[in-house]
1. Taking Cα atoms, how many degrees apart are the long axis of helix 296-306 and the longest axis of the chain, rounded to 10 and kept between 0 and 90?
2. Based only on the alpha carbon positions, what is the Kirkwood hydrodynamic radius of the range 158-302, in angstrom?
3. So if each residue of separation counts as 0.36 nm, and I subtract the Cα-Cα distance between residue 479 and residue 436, what length gain in nm does that give?
4. Against the longest alpha carbon principal axis of the chain, how many degrees, from 0 to 90 and to the nearest 10, is the axis of helix 578-592 turned?
5. Work out the P(r) tail for the range 134-182: percent of alpha carbon pairs separated by more than 11 Å, whole number.
6. With a point put 7 Å past each Cα toward its Cβ, work out how far residue 311 is from residue 465 in nm, to one decimal.
7. Alpha carbons only, please: Rg and Dmax for the range 224-329, in angstrom.
8. How fast does the range 4-228 diffuse by Stokes-Einstein, in µm²/s, taking the Kirkwood radius from C-alpha pairs at 37 °C and 0.692 mPa s?
Ligand code: PLP
């Protein structure tokens, strides 16, 4: 009995099928553990028909109540999903986990017996495999000896390993008293060899079920020592995350103190964390997701591509998906864009655009055109080139000595606006600065870079209609290339495929990333006109080649995902179906303006920003260090919504595929939490 204080173990016992002898295995293991002095608890969370729980309770002599050992019982011997549906009883996973934790605390070793095999549905959308993962315990697989065992055992073990569960080992039952055949004799060794999973032993056929008989016949049959050996430390992704990961745009000192949220699964507009909680993905996993997570058509396209080739370089070779995708992109892009240069992030798409624009003028002999104009509040990425054309001081100031000098002009966005002026009048007045710079310096300007219609990262700053068009006209007039960075606005975000299309603007260079693969894989594209492309066609010896190319440029898997993404747009008429949802978002946002600490609400299509302020009049921002935006988003997580703020702007940017009721739910919760947190701050 002395060892009991030293150990706390929990095992989930699952079968390769129904009727393989799980309960017998659980009983035998329980008795052998008891014989070694351990206090053993048992649980059968879900039982359909039969009396397994009572049987285990009786033979193990456990004094926990039957309700604890078996919290969910249905009479009919069916899958739990069906049995409980038919008797209209709801299974609550949280309750199972709570009871398991209680029993685990009470006993040295807790044996939890599953229902059937790992893919047996417990309730809609929830399998035994999910319960195993949510309980986060080691798993013992029970199989029966005989023909078909290898197949069933491998299927089970592969599923468990694939989902990251820790398989302690596999044990077998001999279900007859006769002589063993070749299959039965060789099953354990074959399975060990094929899976690498430990074999825990074989329980012989028992004529009589009693403690005495089990101890007598099975004492040497199961390797109890191996079962109790501690394997890897209990999984804690939260701890490992803190230990190993450096998160982007994150003050890691704060992160170390907080409870990280780790995502392990997703479906539609929802993300699921390692604790089994689901959240609305309100920012489309950083503005990338379009048709929802695990979209069958995109999943399949990637899987099919894997069966052909996963990567092959574009340096000196082509590959089929990148060719098909380039053709598609040219067909949907604003008029005049003819060539596609691939890379892998928004920043690299911009970096490439800047280098192309710069080199273009060098190549054609107008080397004095070497400056890039960008707007105040702009954001184009985090590589040094893209940071150079960033207009948000916070992201730029520390790298001042590393970045190149660009010309910053006033943003047409302004808030609060001057009294007596409409937003549009104000914006056009602000554009004068840009006009003046172009008029004065155009001979030295290579390109102008813009985020068309929405300066997103600065807090969803929406430009009034007409501004983009005017910017494009001025670029034409002064022969400066226009780079449209549609990394954030592309692929339907603003209600049209590209923001440029709202104002019929055709840039010289277009940057795409984020939604290009529907939120699946890192892929970016920089599109150019024929004129620019031709500016790079020279004899080899002139060394006017575009000397740029990332290793994974044009990756076939990512291109296949992007092609599937575009096909879904067409097949499901995504853009055609969007306006009612955009209207719903507009309607929902209206009430936010009435909140005491909401200073402004901005929206373009499916991009929205809610600006939190200390006071509206005078318009006073919350101090940066108060982290008001972050606090609201932190609280939102407790209510099942994931949003990421931009400073004190709460950004709503759900997948385009979000359902209207989900959108409404997200809006309701966000409203309540903003009200609650900002009110509390006041008090
Ligand atoms: N350009 C714009 C307009 C963006 O909004 C972003 C990212 O938010 C980028 C470029 C950078 O993209 P990435 O983070 O993929 O490098």
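Read-outs: derived from the displayed coordinates by stated rules, not from any lab. As the structure is a computational prediction, the values presented were derived from the model and not from experiment. As a convention, Cβ positions derive from the backbone with ideal geometry for all residues, glycine included, and neighbour counts pool all protein chains shown.
1. 90 degrees
2. Answer for the range 158-302: a Kirkwood hydrodynamic radius of 20.2 Å.
3. Going from the current span to full extension adds 14.0 nm.
4. Tilt of helix 578-592: around 90 degrees.
5. Percentage above 11 Å: 71.
6. Placing both labels 7 Å beyond Cα along the Cβ direction yields 4.5 nm.
7. So, for the range 224-329, Rg and Dmax equal 20.0, 62 Å respectively.
8. Calculated translational D: 187 µm²/s.
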